[in-house]
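Student: First the structure, which I've put down as structure tokens, then a few questions once you've had a look.
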Amino acid sequence: MQDIFEAGMVHGRVVRPPRYGSTLESVDDAAVSKMAGVIKVVRDGSFLGVVAEREEQAIKAREALVKSAKWKLGPELPDPANIHAHLKSLPNKTETIGVKQAPALAAANARALEATYTKPYLAHASIGPSCAMATFINGRMIVWTHSQGVFPLRNELVKALKLPAKDIRCIHVEGSGCYGQNGADDVELDEPHYAPGATYANATTVTVPWKRGAAGPHRVAATIAFQACTATRCLFPTQRHIETTLSFRGETP
């Protein structure tokens, strides 16, 4: 996927905010628009990107946008060193999964064992950053993707583009692999922001690879406490504190 090249295609790059929940307040897009090879600066709310004729031109333009962009920062993420204490401090829901009564004789000699296990944020870091490529022709979108599920991806693109499913086609192409989830699906959701300008300098195909700093979203961190009873030989969780939001590393130039 990362090595696909189509004659005449143009190159997109995206500027990420420093934190989740940040709002783009201003950017000097006029100066960047005059840079060599730049076709268009794409701004859609707080989405900021650029399209250029060549890859190195898109990279330089993105760096200039990073320097000039002014953000209203969102909240800071918790300190990874204290993430498990933070998880325990969050609101939680208590739920009884099941109750079993031990036999009387066994219960007399029963011992309770307890253990707590923690898992930090882990990155499913593929050897190559995630990449997307799309062609926009006559109101239709053809996507080349290394997604693990082309039909669920199409459903998400239908929502983003507000197009009928018949007008979006997702074609799987081998890419840098992962165990779990990398950004193969997420990077495709950058493409709809480029769709309104479907033709860039007579090109209809835009490729958008992520840079390394955004290519490895961190998966969930968790703290789980278990109890075991020797009488019933049952192992059951007593507490689960799971952070279900991906952590995010802000990009720097």
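Student: Restricting to the stretch 124-160, give me the number of residues that are more than 17 Å from L189 (Cβ to Cβ) and of a type in the set (S, T, Y).
Tutor: Going residue by residue through the stretch 124-160, those that are more than 17 Å from L189 (Cβ to Cβ) are 124-128, 137-140.
Filter once more, keeping what is of a type in the set (S, T, Y): 126.
Counting residues in the stretch 124-160 that are more than 17 Å from L189 (Cβ to Cβ) and of a type in the set (S, T, Y) gives 1.
Student: Is one or more of the residues making up the stretch 146-159 of a type in the set (G, A, S), modelled with pLDDT under 65 and farther than 30 Å from P78 by Cβ?
Tutor: no
Student: Being free of Cβ contacts under 8 Å to residues at least 60 places away in the same chain and more than 20 Å from V14 (Cα to Cα): is that true of I137 here?
Tutor: Taking the combined requirement at face value, the residue does not satisfy it.
Student: Since S147 meets every condition but one in (1) part of a strand (DSSP E or B); (2) surrounded by 18 or more Cβ atoms within 10 Å (Cβ to Cβ), which condition does it not meet?
Tutor: (1)
Student: Could you grab me the full set of residues in the stretch 170-192 that are more than 18 Å from the chain's Cα centre (by Cα) and surrounded by 15 or more Cβ atoms within 10 Å (Cβ to Cβ)?
Tutor: Once the filter is applied, which keeps residues that are more than 18 Å from the chain's Cα centre (by Cα) and surrounded by 15 or more Cβ atoms within 10 Å (Cβ to Cβ), the stretch 170-192 yields C170, H172, V173.
Student: Let me ask something else about it. Can you name the residue in the stretch 11-28 that is crowded, with 20+ Cβ neighbours inside 10 Å and out of contact with any Asp or Glu (no Cβ under 6 Å at 6 or more places or on another chain) and, of all such residues, is nearest to K72 (Cα to Cα)?
Tutor: P17
Student: Specify the residue that is farthest from Y121 (Cα to Cα); the eligible residues are those in the stretch 54-79 that are of a type outside the set (F, W, Y) and assigned to a strand (DSSP E or B).
Tutor: Step one: filter the stretch 54-79 for residues of a type outside the set (F, W, Y), giving 54-70, 72-79.
Then drop every residue that is not assigned to a strand (DSSP E or B), which leaves 70, 72.
Numbers: K70: 29, K72: 26 Å.
Per the stated criteria, the residue is K70.
The values are calculated or read from the model by the stated rules, or taken from the named source; none is laboratory data. Note that the structure is predicted; figures quoted are calculated from it, not measured. Virtual Cβ from ideal backbone geometry, glycine too; neighbours counted across all protein chains shown.
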